[in-house]
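A.B. asks: Attaching a single structure in structure tokens format; questions to follow.
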Amino acid sequence: MAESTTTQQPLAGWDKPELDLSKADWRSSSQGTGDVQIAFVEGFIAMRNGGRPENPSLIFSPAEWRAFVLNARDGEFDLT
């Protein structure tokens, strides 16, 4: 899988730092194409679509990541 070599640009009003994700150690929970990948970079958590690594990544603070994981475990994002 090709790695993105670009630096992610922050959005206007974005309170997170500009992170260089070109050397991030992306981890995946599966081997499927299009799966979600995460990387821990400079104290933040980056998440991207493994099938389209050239697309922008989402950046989470540790508190945001914890809230996301806890809510996912509680089924908040399940389809009903």
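The values are calculated or read from the model by the stated rules, or taken from the named source; none is laboratory data. Computed from a predicted structure; not experimentally measured. Heads up: the accessible areas ignore ligands, DNA and RNA and are worked out on the full protein's heavy atoms, side chains in. Shrake-Rupley method; radii C 1.70, N 1.55, O 1.52, S 1.80 Å.
A.B. asks: Rounded to the nearest percent, how much of the accessible area of the range 14-76 (1.4 Å probe, protein heavy atoms only) is carbon and sulfur?
C.D. replies: That fraction is 50 percent.
A.B. asks: Continuing with the same structure: Just subtract the alpha-carbon distance of residue 71 and residue 52 from 0.36 nm times their residue separation and send over the number in nm, one decimal.
C.D. replies: Difference between extended and current length: 4.3 nm.
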